[in-house]
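Report on one structure; see the data block that follows.
The numbers here are math on the coordinates, done by the rules we state, and not lab data. Here the structure is a predicted model, which means the values were calculated and not measured. Cβ placement follows ideal geometry from the backbone for every residue including glycine, while neighbour counts extend to all protein chains displayed.
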Amino acid sequence: MNSSPIPNTAPFAEEEIEILNRVVGPASPTQRAWLAGFLAGMNTATTAPQPAVGAQPAEPLTILYATESGNSERLVSDMAKAARKMGLKPSIVDMADLDVATLASVRRLVVIAATWGEGDPPARAIRAYGELMGEGAPRLDGALFGVLALGDTAYTEFCAIGKALDARLEALGGKRVVDRVDCDLDFAEPAGRWIKTALKALAPVEEAGRGRVIAVDFGAKAASTADLGPVEAEITEFIDLNSSQSEKETIHLELGFDGAAPPYKPGDSLELYPENDAAYVDDLLKAAGLASDAALRAELTKGRDVTTLSLKTLESYAATTGHQHQEVKALLESGDARAWIAGRQLIDLLQFFPITLSADQLLQVTRPLALRAYSIASSRREVGEEAHLLISAVRYQSFGRARKGVASGHVADQLKKGQRLRVKLRPNRHFALPAPERDIIMVGPGTGIAPFRAFVQERRATGASGRSWLFFGDRHFTHDFLYQLEWQDALKDGSLTRMDVAFSRDTPEKLYVQHRIWNQRRDLVDWLDSGAYFYVCGDAKAMAKDVRTALVRAYADVKALSVEAAEQAVNNLDREHRYLQDTY
Amino acid sequence: MTKELSRNERIKEASAYLRGTLAEGLREEITGGIIEDDAQLVKFHGMYLQDDRDLRAERVRKKMEKAFSFMIRLRVPGGVCTPGQFINLDHIVRTYGNGTMRLTTRQTFQLHGIIKSNLKATMREIDAALLTTLAACGDVNRNVLCNPNPYQSRAHAASLALARALSDHLLPRTPAYREIWLDGERIAGGEEEVVEPIYGKTYLPRKFKIVIAVPPSNDVDVYAHDLGFIAILDNQHEIDGYNVTVGGGMAMTHGEPETYPRMADVMGYCRADQAIAVAEAVVTVQRDWGDRVNRKHARLKYTIEDRGLDAFRAEVEQRSGVKLAAAKPFTFTSTGDRYGWTESDNGCAHLTLFIENGRVKDVPGGVQWLTGLRRIAEVHDGDFRLTANQNLIIANVPKDKRKSIEALVAEHGLTTGASALRRNAMACVALPTCGLALAESERYLPDLVTALEERLAAHGLAEAEIVIRMTGCPNGCSRPYVAEIGLVGKGPGLYNLYLGAAFDGSRLSKLYAADLDHGAIIANLDPIFAAYKSERRDGEHFGDYVIRADFIAATVNGADFHKDTGARR
């Protein structure tokens, strides 16, 4: 009897197939017959027709989303569930896949759009966003629409993409039935309220009239992430990978778990619960005249974002304090506020315009401390029940004060081997490995290398036949070549096919990964022509754009294309989900 | 003899005239190193693969290979370069190097800390400056030294011309250097073509060093090199001819008494116009007679010991067609440099600067050697001369330029001297870059000198000229075995102390005490200083005194270097 009756091609993960084979392989004919009947029955039960909602056919609702970190994506799946209950027939469309022309026939449209970095669309949405904003966009005359914008007040162009789309849909003839809401990092509650309002406005009139009660948990508590709640981990290894002569500090963290590691896949991230720097919090409390409030100190340290200084913070500071400081108001009105906050933090505001605050007032000018996500730098197939992270300590000097990144500073300065911390898995299905026989090209300068360490480990462990090509860059070859020995081994054992490096501070002219892409353009386009996947991880501000530009130039040069045609070629990679980005 | 040739012989043989796989290795981006065989070959191109040994301990944990970089040694015959060339080198070390230059004991520049990805750019800049690194290291004739002798301009001009001619004549002819570093294309050539008429496919058995001395100065340490020419001047101060010395060399290995430093023998006298033919014959006899089985027995000094000077001389005479005459009389007085300004018979002035251990760098808040010398190079029309004592001469300064150069010297804190012991001190590079170092040298000697100066001053010997030299290993780059006080690294923080060499470089020293740490070095020397102060005769040098006073036995030559060692009193 065949001991492995479940074929490798079955729609299960490798380890699941192994488990199934362990059960089904040695099962007796009676056991197998029972299992077959049981599974058939189970299937019928779950797909049994639901009670009819109403007599009339459901109205289609298109839910379009643009996501970078996955928040919009989680919201749309919640919204679709709620929409179904209201008699709508939702279809979810990722902007990455949007054929803009199809919008012409859409009658009901909601858009949940994240803004990324300095007012940019999420990488995956760049193409569709461009088309929608461009001259070729279809008319939307009479279509009902609403926009929910996600963003981060720490960036000056807060929710810029949601705002632009909202205006654009109206300009194209759409009829706004619900006002846009702009959400900050703590989006769950306002997003939930907006979804309810939007669905009410979009639902067929007779349905809305019946006053159906909707009860759905929105946002953060989405069912899909419920099993990914925080888990305890122990730091089993803590290494600053940069040489002691480097000006950089990049920490390789190995986390062990009491039981199984979170079920992560290469490309996923782990979120850390950061803590604010104790000295900074002390300074802040002192500036606010609250130095003796121990409870507040604890709350600020673990629970509040006490560093971000945005226009919103300024406004809220001015309002909360009843405009005691005319200068703050004047600053806001002068239009110089943006320039003033650049390079400053909340502490500067309190020290520059000191007011004795109450604890509540101080809490009001801060927002909840957000988790910080880091790409996982390991594969469970190689490291077992561990997860590795790569964290670059952000340190800089501005306005006479030594500053550091909240999470990275916490890791670098406070954490040590043997300590415990809480982490939470954040899956990223948009940055996953392709089928094992496909070639992959990975561009990951600096900490952008992290997920590719996971990729290479995974492909080594699974014996994937596809070729892999890594581009890495940092400042100095001698002092900043992260995981150098591991890449040398990977090249030797074949899990990495080739590697190109760019170190920016070794030569008079700075050399970056995009220059290496340009140097290697012939082979690169050749790989992509034969179906390779192109991954970019790391800095969103400059690197990701420069890499994309370099790739466009590469296509233009190698294939003798116009710039437009070369852009089209790269856009096609997007469309085929072969240009994948995880940038920050 | 069926003994197997040494590994380096096989590497040379298979290298296709020093190519090996260097071109391929340079394209390997993910390692800063090159494979071991190529690391041997790259020496012939003037560089050593090194790594920062200070960082070794942390690198594996940080998942990084050794902190590799290359040391590039130039070939500057006679140590003479133009100010323009100095400016080029200044640019290179600031752009690709570690921001310092090292003036060596063999009158050349060493550039440290150049990483592999910058090698070609560096080599192209060196070439553009009309400088070369070919054969600065390796089993070939290396840089040819000559006395920089600014105050005897005609003798210097003649000896410099000979140094350059010898250097050119004995330069490897392989096109590999241009191919690998400059042009990138392999120049086609039939296999049967004679690529290296002097060296052949496997070059020499070991390194080969030539110097030219102009008495009374023995600043080049003529006896410490494979081949030496001692200029014999006629009464018009022109060089008439040379006494030829053969078989000097410093290197030995701790614990292997069959290895030893040796002073060269004076083989005879040749006319100036015969010097090149004699040199070529010495090189080819060594090429054919030298030991290619045991690299520790491969220098010319062992060939001379094994075959005897007479047989060697006969073979050289036969091959060169030059009948050597009896050696002519000469006198050496010292090995040191004359610091400060000197004037010469051509009406120019020359400024000898004292650069401690030859390290040209800008010290934050201190002396600005690199910047200062560059500023001088920008206004100077004469030449720059490196001395065999790791110092620099701003040579051929017209009288009207003296003031401006003096001003730059003062502005950058440059020095034209030091205490008696310090100005007679030399150290090799050693840690952290030299792969051979067993102990510190350049980074430690200045502190030791400070401590010894304190002892000397206590005995009223502050003005005593005593030659002190230190190396981090027994290979002898700073020629410690011809120093009156020689210190040779044995292990971290430990040194062997050698005494009894002659002040003029004409006699080797001998092991006085082994495995001394800082305190023990001082404790051993202090009582000898005290005795020297009270017992020394008029003008008696320290090295001569310790033998007369029976602190140590005299070493007559290499073969008895290891005999009768240790303190006798």
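From other protein chains only, count the Cβ atoms within 10 Å of every residue's Cβ in A:492-500, then give the mean.
Working: counts 0, 0, 0, 0, 1, 0, 2, 2, 2.
That works out to 1 on average.
Dipole size in debye (nearest 20) for chain A around its Cα centre, Lys and Arg Cβ +1, Asp and Glu Cβ -1? Mind showing how you got there, number by number?
Numbers: 68 positive and 78 negative charges, 210 e Å.
For chain A, the charge dipole is close to 1000 debye.
What does the helix-only formula give at 222 nm for chain A: each DSSP H stretch with n ≥ 4 adding -39500 (n - 2.57), the total divided by the residues, and the result rounded to the nearest 500 deg cm²/dmol? Spell out each step's value before the answer.
Values: 24 runs with 231 residues, N = 584.
When only DSSP H runs of four or more count, the value is -11500 deg cm²/dmol.
Take A:LEU346, B:LEU516, B:LEU373 and order them by how many other Cβ atoms sit within 10 Å, fewest up front. Let's see the in-between values first.
Details: A:LEU346 24, B:LEU516 20, B:LEU373 27.
Listing A:LEU346, B:LEU516, B:LEU373 from fewest to most nearby Cβ atoms yields B:LEU516, A:LEU346, B:LEU373.
Let me know the Rg and Dmax you get for region A:387-540 when you use only its Cα atoms, in Å.
17.3, 54
May I ask you to give the average projected area over all directions of the convex hull of the Cα atoms of region B:405-449, in nm² rounded to one decimal? The partial results should precede the final answer.
On the way: hull surface 17.4 nm².
That works out to 4.3 nm², a quarter of the Cα hull's surface.
Based on alpha-carbon atoms only, what is the radius of gyration of region A:264-349 relative to the globular estimate 2.2 N^0.38 Å? Let's see the in-between values first.
On the way: Rg = 16.0 Å, N = 86, 2.2 N^0.38 = 12.0 Å.
That works out to 1.34 for region A:264-349.
Ranked by Cβ crowding within 10 angstrom, fewest neighbours first, how are B:PHE561, A:PHE353 ordered?
Fewest-to-most ranking of B:PHE561, A:PHE353: A:PHE353, B:PHE561.
Run a plain Debye calculation on chain A (Cα atoms as equal point scatterers, no solvent) and give log10 I(q)/I(0) at q = 0.06, 0.09, 0.11, 0.12 Å⁻¹, rounded to two decimals, same order as the q list.
Each listed q maps to, in turn, -0.36, -0.84, -1.24, -1.42.
Determine the principal axes of the Cα atoms in region B:203-348, then give the extent along each, sorted from largest to smallest and rounded to whole angstroms.
53, 38, 26
For chain B, which cysteines have no disulfide-compatible partner, meaning no other cysteine Cβ under 4.7 Å?
B:CYS81, B:CYS137, B:CYS146, B:CYS270, B:CYS348, B:CYS434, B:CYS473
Just flag the trypsin sites (Lys or Arg not before Pro) in region A:431-505 sitting in loop per DSSP whose Cβ has no more than 16 other Cβ atoms within 10 Å.
Numbers: sites: A:ARG438, A:ARG453, A:ARG459, A:ARG460, A:ARG467, A:ARG475, A:LYS492, A:ARG498, A:ARG505; in loops: A:ARG438, A:ARG467, A:ARG475, A:ARG505.
Within region A:431-505, the qualifying trypsin sites (Lys or Arg not before Pro) (loop, at most 16 other Cβ atoms within 10 Å) are A:ARG505.
Per residue, what volume in Å³ does the convex hull of the Cα atoms of the protein assembly as shown enclose? Could the numbers behind the result be given before it?
Numbers: hull volume 294.7 nm³, N = 1153.
Per-residue hull volume (Cα only) is 256 Å³.
How large is the convex hull of the C-alpha atoms of region B:414-498 per residue, in Å³? Kindly include the intermediate steps, with their values, before the conclusion.
Numbers: hull volume 8.2 nm³, N = 85.
Considering the Cα atoms of region B:414-498, their hull volume per residue is 96 Å³.
How well do other chains shield peptide A:478-489, expressed as the mean number of their Cβ atoms within 10 Å of each residue Cβ? Intermediate values should be presented prior to the final figure.
Values: counts 14, 5, 1, 7, 3, 3, 8, 8, 2, 3, 6, 0.
For this peptide, the per-residue mean of nearby foreign Cβ atoms is 5.
Measure of size requested: the Rg and Dmax of chain B, with Cα atoms as the atom set and Å as the unit; please supply both.
For chain B, the Cα radius of gyration and maximum Cα-Cα distance read 22.9, 71 Å.
Any chance you could tell me what percent of the C-alpha pair distances in region A:70-154 go past 23 Å? Write down the numbers at each step before the final one.
On the way: 865 of 3570 pairs.
Of all Cα-Cα distances in region A:70-154, 24 percent exceed 23 Å.
Give or take rounding to whole Å, what are the principal axis extents of the alpha carbon atoms in region A:401-474, in descending order?
49, 27, 23
Against the globular-protein guess of 2.2 N^0.38 Å, express the Cα radius of gyration of region A:485-573 as a ratio, rounded to two decimals. Don't skip to the end; give the middle numbers.
Details: Rg = 14.2 Å, N = 89, 2.2 N^0.38 = 12.1 Å.
It is 1.17.
With both bridge residues required to lie in the protein assembly as shown, what share of the DSSP beta bridges run antiparallel, to the nearest 5%? List each step's numbers first, then the result.
Working: 89 of 148 bridges.
Here the share of antiparallel DSSP bridges comes out near 60 percent.
For region B:1-145, what are Rg and Dmax over the alpha carbons, in angstrom?
Calculated on Cα positions, Rg and Dmax stand at 16.2, 53 Å.
Averaging sequence separations of C-alpha pairs under 8 Å and six or more residues apart, then dividing by the length of chain A, give the relative contact order as a whole percent. Could the numbers behind the result be given before it?
On the way: 1058 pairs, mean separation 68.4, N = 584.
Worked out over chain A, it gives 12 percent.
Between A:GLU437 and B:ARG7, what is the label-point separation in nm under the 7 Å Cα-to-beta-carbon projection?
4.5
Per the Cauchy relation, a quarter of the hull surface: what is the mean projected area of the convex hull of the alpha carbons in region A:316-465, in nm²?
Values: hull surface 51.8 nm².
Value for region A:316-465: 13.0 nm².
Percent relative contact order of chain B, based on C-alpha pairs within less than 8 angstrom and at least six residues apart? Could the numbers behind the result be given before it?
On the way: 1312 pairs, mean separation 70.8, N = 569.
So the answer I get is 12 percent.
Which lysines have a Cα lying under 25 Å from the Cα of B:LYS403, excluding residues fewer than 8 positions away in the same chain?
B:LYS361
Take B:CYS270, B:CYS146 and order them by how many other Cβ atoms sit within 10 Å, fewest up front. If you can, show how the numbers build up before the last one.
On the way: B:CYS270 25, B:CYS146 31.
So the ranking, lowest neighbour count to highest, is B:CYS270, B:CYS146.
Obtain the nm distance between the two label points defined at A:ARG401 and A:ALA58 by a simple spin-label model: each point lies 7 Å from its Cα along the Cα-to-C-beta direction.
5.2
Looking at chain B, identify the longest residue range that excludes and avoids all GluC sites (Glu not before Pro) in DSSP loops having at most 15 other Cβ atoms within 10 Å.
Numbers: sites that count: B:GLU4, B:GLU28, B:GLU185, B:GLU191, B:GLU192, B:GLU193, B:GLU238, B:GLU258, B:GLU463, B:GLU465, B:GLU540.
Of all site-free stretches, the longest is B:259-462.
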